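K.L.:
Here it is: the structure, laid out below.
The values are calculated or read from the model by the stated rules, or taken from the named source; none is laboratory data. Computed from a predicted structure; not experimentally measured. Glycine gets a Cβ as well: all are built from the backbone with ideal geometry, and neighbour counts include every protein chain shown.
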Amino acid sequence: MRAEAVQILPEGVKARRVYLSVRDQITAGDLRDGETLPGEQKLAEAFGVSRVTVRRALEALAQGGLIERRAGSGTRVRARPASGQRAAMNFNTLMPQLVEMGQKTTARLLSFSYGAAPDFVASAMGFERDTKVQIATRVRLAGTVPFSHLTTYVPAEIAQNYSENDLATTPLFQLLERSGVKIKEAHQSVSATLAGPEVAEALDVEVGSALLSLRRVVRDVHGGGVEYLAGLYRPDMFRLEMPLTRVGQGHARHWEPAIGQDEGGN
């Protein structure tokens, strides 16, 4: 685990704002490796804060290994070496692409147990209270870079058809189908959250880093819940693309997602 994976954000709301802004510019590539940052006074003026606030933010960035501060030569960016290309995903084909990534990437099983379904899982899946489920947490890696933290809840009577080792080596949807489950539909939602200490360590990011949060409920042909997925994804490993179409007339003309249409009309 690298030191920056458990780094604490600088104290103070303003210092955190400066820190997160500079950090995001570095991770996005807007500030490149070796580039010299403006001086403390110029940064203070740009962000409308004091030099003390800027210094606190820069100290946290240096502690995280994102910048290098040298007396007499200024502050230089130390961007992490590229460890893999960011996955560009079209909104229309997001799920097939995620499935393909699941097949082409490796998984590390962090925990595996059986217990009563948490209330939020039981409610979403339509389970009776205290229904027994298998709870497994895995990290998926692209090469050596972790990109997703996945916790799945599967009814025990289904999960008993595969082993802990199976779960560490085979995508879950394949294990469900191999167990005789006939999947019909799923509902999912995507939002954002911040990385807590355990997830930050597993994904090799800083505590408090922004993550994509995905929740998915999978149902079989009878309408029964067969899987609840709580997934956390590193946003620096993804770029979501969405085709847009101009619609409407006159002043009501606006952009609208072209869902269900292939880019280029194919």
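K.L.:
Given the criteria surrounded by 14 or more Cβ atoms within 10 Å (Cβ to Cβ), more than 27 Å from the chain's Cα centre (by Cα) and at pLDDT 80 or above, does THR75 qualify? Break it down stepwise before answering.
P.N.:
Values: surrounded by 14 or more Cβ atoms within 10 Å (Cβ to Cβ): yes; more than 27 Å from the chain's Cα centre (by Cα): yes; at pLDDT 80 or above: yes.
When the stated conditions are applied, THR75 passes them.
Yes/no per residue for (1) outside the structural domain of SER148 (by TED's automatic domain parsing); (2) part of a strand (DSSP E or B); (3) modelled with pLDDT under 90:
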site	(1), (2), (3)
GLY208	no, no, yes
ARG216	no, yes, no
GLU227	no, yes, no
ASP236	no, no, yes
HIS251	yes, no, yes
GLY260	yes, no, yes
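K.L.:
Would you please list the contacts, defined by Cβ atoms under 7 Å and residues six or more apart or on different chains, that run from a residue in the range 45-71 that is not assigned by TED's automatic domain parsing to the domain that holds GLU206 to a residue that is among the acidic types (Asp, Glu)?
P.N.:
ARG51/GLU40; VAL54/GLU40; ARG55/GLU40; ARG56/GLU11; ALA62/GLU68; GLY64/GLU4; GLY64/GLU206; GLY65/GLU4
K.L.:
Continuing with this model, one more query. Pairs, please: C-beta under 9 Å, at least 6 apart or cross-chain, first residue in contact (Cβ under 8 Å) with a residue 60 or more places away in the chain and in the range 156-167, second part of a loop (DSSP other than H, G, I, E, B) and of a type in the set (Val, Ile, Thr)?
P.N.:
ILE158/VAL181
K.L.:
Counting residues that are at pLDDT below 90, which helices (runs of 4 or more DSSP H) fully inside the range 124-179 reach at least 1?
P.N.:
Working: elements: 156-159, 164-169, 172-178.
In the range 124-179, the matching helices (runs of 4 or more DSSP H) lie at 164-169, 172-178.
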